[in-house]
1. Give me the pairs: first residue in region 350-367 and closer than 18 Å to D299 by Cα, second residue open to solvent by 70 Å² or more (accessible area, probe 1.4 Å), beta-carbon distance under 7 Å, and six or more apart or on different chains, which are they?
2. Looking at A353 and the list (1) in contact with a strand residue (DSSP E or B) (Cβ under 7 Å, 6 or more places away or on another chain); (2) under 19 Å from W151 (Cα atoms), which single condition is not satisfied?
3. Would you mention how many residues in region 81-97 are at negative phi and either exposed (fewer than 13 other Cβ atoms within 10 Å of the Cβ) or part of a loop (DSSP other than H, G, I, E, B) (or both)?
4. Which one is most open to solvent (accessible area, probe 1.4 Å), of the residues in region 354-398 that are out of contact with any Ser or Thr (no Cβ under 9 Å at 6 or more places or on another chain) and assigned to a loop (DSSP other than H, G, I, E, B)?
5. Could you identify the single residue in V180, V284 that is modelled with pLDDT of 95 or more, farther than 30 Å from T44 by Cα and β-branched (V, I, T)?
6. Might you let me know whether region 289-307 holds any residue that is open to solvent by 50 Å² or more (accessible area, probe 1.4 Å), touching a Leu at 6+ places or on another chain (Cβ under 8 Å) and free of Cβ contacts under 8 Å to residues at least 60 places away in the same chain?
7. Does M247 count as over 24 Å from Q367 (Cα atoms), modelled with pLDDT under 95, touching a Phe, Trp or Tyr at 6+ places or on another chain (Cβ under 9 Å) and of a type outside the set (V, I, T)?
Amino acid sequence: MKYVCQFLLSACFFFNALLCNGQEFLPKPYPDRVILTVTEQPATTMAVTWRTDTSIQKGSVEYLVAPDSPDLETAALHVAVAPQLMEVEGVEAHYFSTVLTGLLPKTSYAYRVGNDGAWSEWIHFTTAAVKEDDFTFLYLGDGQNDLRSRWSRVVRAAYAKAPDARFIVHAGDLINRSGVDKEWGEWHDATGFIHRMIPALATPGNHEYTKGEDMQLDKHWRAGFNFPENGPPGLEETAYYVDYQGMRIISLNSQLIITNENWKQKTHAWLEKILAESRDKWKVITFHHPILSTAERRDNPEFRADFQPLFEKYGVHLILQGHDHTYGRGTGNPGNTKPVYIVSVSGPKMYEAGSNNWMEKRATKTQLFQVIQVRGNELFYKSYTASGKLFDEFVITK
């Protein structure tokens, strides 16, 4: 019995070691990391991405207007999707991604991904309206660390507070170490079914890039997501915009803006163009590195000098940021009503907030999520703690 117990203890230790090394996130024949992402035309299209092991050579999406009958397969449309091979840390996987087109606006759809013998569950999503309409979305600052154990409670609390949210903004540093597959496995595990139903709208942070002079975007970004390619050439799927029911929401790649003069100039010209031509009622911009920081030593004065005048000139309403692992909210000038600059953190990694006088509301060592609602000519902003307590709120009226 003594030797049996020793064997069992050794086996358990070996099994746990495998789990710690990320073996629980190895690809399998069945689809995993299924995720919806926003598209350039959210009323009539939806992007869906998933992963399998390399034994699966063909992928498919089946979809239809969501019925009340359980007989979904009979009327479903079918789209074939070719695999994209990606190797990370010596492990190969097939990623599949496509954009469903010709959808009806403001309509609930059911879909599943996979192939014969290896299908996901049937899942619902809703398309946008063509014109201005009320809607809700969520905004999360850095997740980054302890994604499954400590961040998951926040994204799930956000979903519980606003299950009708139409998309979720992630303001960079989704993970901690670029190229580490286990961390992306934890990110998808933490969000569970949520992003299978509610599209992601993410902007990259510094932790989505390798360190050093030759910075490279994590391979998981473009393989695992499918964001619009309407940004500056060369920044596809990291700088882009979406027009959603009267709101133009824009992602900027701040990591390259603050480290590369060429990309800063190209982004500046592109941003001015798309702000000037927008006729949307609401304008929202998200990026990772704050132009108004919550800590003195994390300031980005050149970024602020070049881009803040654009935000004010074209009447941007909200600036949604991350990076500083604290909470701060303000306009930077008591006489201004917009833009409202916000820095927030949803993960457990925390810094101390400074005494910067631009902040009208601040917090440290607090995990938060934000619910933003558009109702006619009013935009309602509410920030909640991880346990669901209301922490901050304001209203912008057009």
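The values are calculated or read from the model by the stated rules, or taken from the named source; none is laboratory data. The structure presented is a predicted model; accordingly, all values stated were derived computationally and were not measured. Here the Cβ positions follow ideal geometry from the backbone for every residue, glycine too, while neighbour counts run over all protein chains shown. Note: areas computed on protein heavy atoms with side chains; ligands, DNA, RNA excluded. Shrake-Rupley method; radii C 1.70, N 1.55, O 1.52, S 1.80 Å.
1. Once the first residue is closer than 18 Å to D299 by Cα and sits in region 350-367, its partners that are open to solvent by 70 Å² or more (accessible area, probe 1.4 Å) give M350/K365; A353/R362; G354/E296; N356/E296; T364/E352.
2. Condition (2) is where A353 drops out.
3. Residues that pass the stated criteria total 5.
4. N357
5. Testing whether each residue is modelled with pLDDT of 95 or more, farther than 30 Å from T44 by Cα and β-branched (V, I, T) leaves just V180.
6. Yes: one or more hits.
7. no
Rundown of residues vs (1) in a loop (DSSP other than H, G, I, E, B); (2) at pLDDT 95 or above; (3) aromatic (F, W, Y), yes/no style:
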| residue | (1), (2), (3) |
| --- | --- |
| P163 | yes, yes, no |
| R166 | yes, yes, no |
| D173 | yes, yes, no |
| N176 | yes, yes, no |
| E186 | no, yes, no |
| D189 | no, yes, no |
| L201 | no, yes, no |
| M215 | yes, no, no |
